[in-house]
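Some notes on the structure that comes next.
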Amino acid sequence: MAIESAKYRSLKKEKDFEVRVYDEISLAMSKENDFRGYSGFNEAFNYISGSNDQNRKISMTTPVINELNQKSMTMAFVMPSSIPFEELPNPNSQRLFMVRKENMMFASIRFSGTVCPTLLEQKKKELTEWMATNNLIPGSVIWLARYNPPFIPGFLKRNEVLISIENSMISEDKPVGI
């Protein structure tokens, strides 16, 4: 059984690096204190398991996203694209909130392994260096996206760091770096 992943359009791909546009993505999101933590994950998992005002079960999707911010961190589940944002049930938990993000452009780096602070910082550095060589201005949004359950061996895990792009001149008509 295939699991749905967040939909995006690729504007440029170079080895493990990519420039992507996410037209619209709906998230069930909660505050988290550590990207390895489980409180936010459990809140979102309970929501898709029926802990919502419709007692509705919602399909699991990928990736699970941590927004890494200097002041706070969140954990989010991507909602299935088949459910319009307006039709998503309201969470029973006051710690969980629904968010719709639109027209986001990110640079990303794909990597395997079990994420730890050292690996995360290394990948953020590699991505920002690649962005600089491609004249991409990093924005303030940084995501850690994970695609596999925790019991999958690290070398098989798919992870990504995504950094928003501030360059307003980038468009699909003029691919980056071409």
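The values are calculated or read from the model by the stated rules, or taken from the named source; none is laboratory data. Being a predicted model, the structure only gives us computed values, none of them experimental. Every residue, glycine among them, receives a Cβ derived from its backbone with ideal geometry; neighbour counts consider all protein chains shown.
Things worth noting here:
- Identity of the residue in segment 143-155, among the hydrophobic types (A, V, I, L, M, F, W, C) and at pLDDT below 95, that ends up surrounded by the most Cβ atoms within 10 Å (Cβ to Cβ): ILE152
- Verdict on PHE97 being in contact (Cβ under 8 Å) with a residue 12 or more places away in the chain, over 17 Å from SER49 (Cβ atoms) and aromatic (Phe, Trp, Tyr): yes
- Selection from segment 1-15 of residues that are buried (at least 16 other Cβ atoms within 10 Å of the Cβ) and not aromatic (Phe, Trp, Tyr): ALA6, LEU11, LYS12
- Residue in segment 16-28 that is surrounded by 12 or more Cβ atoms within 10 Å (Cβ to Cβ) and farther than 30 Å from TRP130 by Cβ present: yes
- Filter pass, THR74 being at pLDDT below 95, of a type outside the set (A, V, I, L, M) and surrounded by 14 or more Cβ atoms within 10 Å (Cβ to Cβ): yes
- Residue count for segment 9-47, restricted to those that are in a loop (DSSP other than H, G, I, E, B) and in contact (Cβ under 8 Å) with a residue 40 or more places away in the chain: 4.
- Candidates are the residues of segment 90-117 that are at pLDDT 95 or above and among the β-branched types (Val, Ile, Thr); the one that is nearest to PHE77 (Cα to Cα) is VAL99.
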